[in-house]
Amino acid sequence: MTSLRTRERLVQRLMEQGVSDFRVLDVIRNTPRHLFLDEALSHRAYEDSALPIGYGQTLSQPYIVARMTEILLGAAGGRLSRVLEVGTGSGYQTTVLAQLVDQVYSVERIKPLQDRARVRLRELGLRNVQLSHADGGFGWPEKGPFDGILSTAAPQYVPEELKHQLAPNGVLVIPVGGQQQSLYLIVRDGDSDSFHTQELEPVRFVPLLSGTAR
Ligand code: SAH
């Protein structure tokens, strides 16, 4: 079966699970997730499951990639111009975002993962992504403020730095917690220093690790 047909089946399943933003579904349909995995795992790329990418990290389940992306787009008023991703990992979520917003900035603390992601993004011809090897818990202050921030690793508490790198009415989508995690949507109220916080649904992410990047 061609990967396009298997991706179509994946999109059907995501719709059954309640993903409804057609912009997101179209991008998932057109993004070759198998290219973000080691060859030995690539035949499992269109299962709706998280898969290992090395260094104890995982490529998130397609459902959660789709869900977080639609929450980000839905909560933002218009088209998102500048978006920060925390946790580049394989670069799959980065690639999904790059097709939906103007400019993506993505931070990863594990250098070999970042290197691999960079090669894939180049092969796919994406020109609107910049990568940084750093602790994404501090955001990317030189590139902010951002209209949207999406974290694919879970801190115990929402880092203040991320909130403060949001542009007016900017949107932060982030898993928070330890053993028990929830997805949070945090929206900056205009250009003020107050934020509207909403707890959305239970999730399971790798932890957002702080400290020396390797
Ligand atoms: N978005 C990724 C998901 C990768 S899992 C994908 O689509 O494949 C989460 C990633 O967050 C891991 O690669 C992990 O190394 C990274 N990470 C964890 N803590 C981090 C931190 N403090 N700063 C930057 N990246 C971090």
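Things to note:
- The residues of the chain have, on average, 47 Å² of accessible surface per residue, using a 1.4 Å probe with all protein chains present.
- Sites Q156 and Q61, calculated FRET efficiency, Cβ-Cβ separation with R0 25 Å, nearest 0.05: 0.70
- Distance from the alpha carbon centroid of the range 59-137 to that of the range 38-52 works out to 19 angstrom.
- Reduced Cα scattering model of the chain, Debye log10 I(q)/I(0), q = 0.15 Å⁻¹: -0.92
- Based on DSSP H segments of at least four residues, each scored -39500 (n - 2.57), the chain has a per-residue ellipticity at 222 nm of -8500 deg cm²/dmol.
- Point-to-point label distance, S192-S42, nm (Cα→Cβ direction, 7 Å offset): 5.2 nm
- Using a Förster distance of 35 Å, the FRET efficiency for R5-V119 (Cβ separation, nearest 0.05): 0.85
- Taking 0.36 nm per residue of separation and subtracting the Cα-Cα distance, full extension of the segment from K143 to N30 would add 37.8 nm.
- The R204 and S81 beta-carbon pair, evaluated with R₀ = 35 Å, returns a calculated FRET efficiency of approximately 0.70.
- Label-point gap, in nm, between K111 and H164 - each point 7 angstrom along Cα→Cβ: 2.9 nm
The values are calculated or read from the model by the stated rules, or taken from the named source; none is laboratory data. All values derive from a computational prediction rather than experimental measurement. FYI the Cβ positions are ideal-geometry reconstructions off the backbone, even for glycines, and counts take in every protein chain you see. Heads up: the accessible areas ignore ligands, DNA and RNA and are worked out on the full protein's heavy atoms, side chains in. Shrake-Rupley method; radii C 1.70, N 1.55, O 1.52, S 1.80 Å.
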